[in-house]
Amino acid sequence: MAATRVHQRLAERRQSESVSTRKDIKVLLVDDEQAFVDTLAMRLRMRNLEVDTVYDGSQALAFLMDLPVEDEPDAMVLDLKMPDMSGLEVLRRVKKYYPRVEVIMLTGHGSDSDADEAQRVGVFDFLKKPVDIDTLMGRIREAHRVKLEKAAARVSGDDSTT
Amino acid sequence: MEQNREKDLRVAQTTFVGRIIASFTHELRNYLAIIGESAGLQQDMISLGGKSKLDASEYLKFLKDIEAEVRRALKLITYLNRYAHRMDFETSDFSVNEAMEELAALVSRLAYLKKISLEREFGPDIPIIHTSPALIQLVVYCLFDQMLKSMSRNSTITLKTEAVSGAVAISLTPRGTPAEAAEEGMCSGTELEQVLQSIGGTMTRQSDGAATVQLPFTKPAGG
């Protein structure tokens, strides 16, 4: 029984490793500054990420709705201050309905209370604009890695990483 | 009583300045982010190149984006700088339209975030007046803040200036659907009236929620 579990974990790990070397980490960019989103999307695509873009929180939730789990983005890069629905509200709903998606907040807003609240709700990271592309890439890769670890833990019944 | 009034006024002014600066720095970060990404993309094209090469017109587009963002940022910086200098002296000669244009530019993002549009209707030939521009801006901002909190999205607030028999009238008129649960504004009505009284102004409110501030024409200091 224990051996089976170990094998299962190994299989999961192998699967995670092979998946983590894929060149198609899926990212959803959510920001009302269209020029920013479009340019950042091009730069991330040049780094072999699969990128989708939306320009407000409602569009982000609509994008995720009815998406098969395997098509969900690995990471969402989310602005905080957007018209209509704030990034914090989007984060709350994503964590509630799509908990597998890791959320990186990328904002021009510098309030510590927002960062604390985002942390409490389960944000993966909280970055400030303008961000260095290598820093962002590093955090996206890390979010992807953590997502895979959580998935592996779920399969093996060990939820200690969640 | 007088001490309390001054304390309330100081709190309101500090809150106002804080909000303007927070909104300004947020916008500036957005502009810098766009500039940074556009410049970064050019670097990527050179260093990563490959299949993703852009043609000349696309390069030009990104360079123009940088230029446009620099212009947007400079405009906002100019407004913030002018706003800051309004507080150099207790009173000064100023154009009401300029002071209102500057205020509208600095607070428009707050309206945008609530999906409320801020429209301007500035009357022509409004004489230069001599009073406290910082206090006028504070009063108008307080009224605007109250309206933002009491209106639902897709509403409009019109900021209008006009010359009316010996005075300058600045009015704010909300149009649209009232919010289901209106939050309290930053300043109380009594506070605003007291501030206006101290500079010889008056305020009237209409049943539709509109508010008008009237400031008597006062000769410029040198005039």
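A short reminder: the numbers here are calculations on the coordinates, not readings from a lab. Note that the structure is predicted; figures quoted are calculated from it, not measured. Using ideal geometry, Cβ is built from the backbone for each residue, glycine included, and neighbour counts are taken over all protein chains shown.
Could you pull out the chymotrypsin sites (Phe, Trp or Tyr not before Pro) across the range B:15-96 that fall in loop regions by DSSP (anything but H, G, I, E, B) with no more than 16 other Cβ atoms inside 10 Å?
Counting only loop positions with at most 16 other Cβ atoms within 10 Å, the chymotrypsin sites (Phe, Trp or Tyr not before Pro) in the range B:15-96 are B:89.
Treating the beta-carbon of each Lys and Arg as +1 and of each Asp and Glu as -1, no other charges, what is the dipole magnitude of the range A:74-130 about its Cα centre, to the nearest 20 debye? Intermediate results must be reported in sequence, preceding the final value.
Numbers: 9 positive and 10 negative charges, 33 e Å.
In total the dipole reaches around 160 debye.
Might you report the magnitude of the Cβ-based charge dipole of chain B about its Cα centre, with Lys and Arg at +1 and Asp and Glu at -1, to the nearest 20 debye?
Result for chain B is approximately 460 debye, rounded to the nearest 20.
What does a probe at residue B:47 reach in the range A:107-138, counting residues whose amide N is under 13 Å from the point 7 Å along Cα→Cβ?
Output list for this probe position: A:132-137.
Choose one of B:146, B:202, B:164: the residue whose Cα lies farthest towards the positive end of the charge dipole of the protein assembly as shown (beta-carbon charges +1 Lys, Arg; -1 Asp, Glu; about the Cα centre).
Checking the options against the dipole of the protein assembly as shown, the answer is B:146.
For the protein assembly as shown, what is the mean residue ellipticity at 222 nm derived from helices alone (per DSSP H run of n ≥ 4: -39500 (n - 2.57); sum divided by total residues; nearest 500 deg cm²/dmol)?
On the way: 11 runs with 207 residues, N = 385.
The helix contribution divided over the protein assembly as shown gives -18500 deg cm²/dmol.
Indicate, rounded to the nearest 5 percent, the antiparallel portion of the DSSP beta bridges found entirely in the protein assembly as shown.
50
Using 32 Å as the Cα-Cα cut-off, could you pick out the over-long pairs in A:150/B:149; A:147/B:115; B:75/B:160; B:64/B:160; A:128/A:150? Don't jump to the answer; show the numbers that get you there.
Working: A:150/B:149 42 Å; A:147/B:115 35 Å; B:75/B:160 22 Å; B:64/B:160 34 Å; A:128/A:150 26 Å.
From the list (A:150/B:149; A:147/B:115; B:75/B:160; B:64/B:160; A:128/A:150), the Cα-Cα distance tops 32 Å for A:150/B:149; A:147/B:115; B:64/B:160.
What ³J(HN,Hα) values, in whole Hz, does the Karplus curve 6.51 cos²θ - 1.76 cosθ + 1.60 give for the range B:197-204 when θ = phi - 60°, with x put for Gly and Pro?
Along the range B:197-204, the couplings run 4, 5, 10, x, x, 9, 9, 10 Hz.
Please go through the range A:75-156 and write out the chymotrypsin sites (Phe, Trp or Tyr not before Pro) that DSSP classes as loop and that have at most 11 other C-beta atoms within 10 Å.
Answer by residue number: there is no such site.
Within the range B:124-223, which trypsin sites (Lys or Arg not before Pro) sit in a loop by DSSP and count at most 14 neighbouring Cβ atoms inside 10 Å? Write out the running numbers ahead of the final one.
Numbers: sites: B:149, B:153, B:160, B:175, B:205; in loops: B:153.
Sites meeting the loop and neighbour criteria: B:153.
By its C-alpha gyration tensor, with a ≥ b ≥ c as the square roots of the eigenvalues, how is chain B shaped: rounded for a/c under 1.5, else prolate for a/b larger than b/c, else oblate? Don't jump to the answer; show the numbers that get you there.
Numbers: a/c = 2.32, a/b = 1.92, b/c = 1.21.
It comes out prolate by the Cα gyration axes.
Quick one: which residues, 5 or more positions from residue A:82 or on another chain, have an amide H under 5 Å from its amide H? H modelled 1.01 Å from N in the peptide plane, none for Pro or chain starts.
Placed amide hydrogens put A:87 under 5 Å from residue A:82.
Order of B:151, B:186 from fewest to most other C-beta atoms within 10 Å? Mind dumping the intermediate values first?
Values: B:151 23, B:186 20.
Going from least to most buried by this count: B:186, B:151.
Give the shape of the range A:96-162 as rounded, prolate or oblate, defined through the alpha-carbon gyration tensor: a ≥ b ≥ c are the square roots of its eigenvalues, a/c under 1.5 means rounded, and otherwise the shape is prolate if a/b is larger than b/c and oblate if not.
Working: a/c = 3.19, a/b = 1.62, b/c = 1.97.
Oblate shape, in that a/c is at least 1.5 and b/c is the bigger or equal ratio.
Quick check on the exposure proxy: order A:65, A:42 from fewest to most C-beta atoms within 10 angstrom.
A:65, A:42
Ignore the peptide's own chain and count Cβ atoms of other chains within 10 Å of each Cβ in A:128-136; give me the average, rounded.
That average works out to 4.
For the range B:103-197, count all C-alpha to C-alpha pairs, find those more than 16 Å apart, and express that count as a whole percent of the total.
Numbers: 2607 of 4465 pairs.
That tail contains 58 percent of the Cα-Cα pairs.
Rank these for me by crowding, B:26, B:130, B:85, going from fewest to most other beta carbons within 10 Å.
B:85, B:130, B:26
Compute the distance from the alpha-carbon center of the range A:108-150 to that of the range B:131-202, in whole Å.
Between the Cα centre of the range A:108-150 and that of the range B:131-202, the gap is 39 Å.
Just tell me how shielded A:79-87 is by partners: mean number of partner chain Cβ atoms within 10 Å of each residue's Cβ, no decimals.
Mean number of neighbouring Cβ atoms from other chains: 3.
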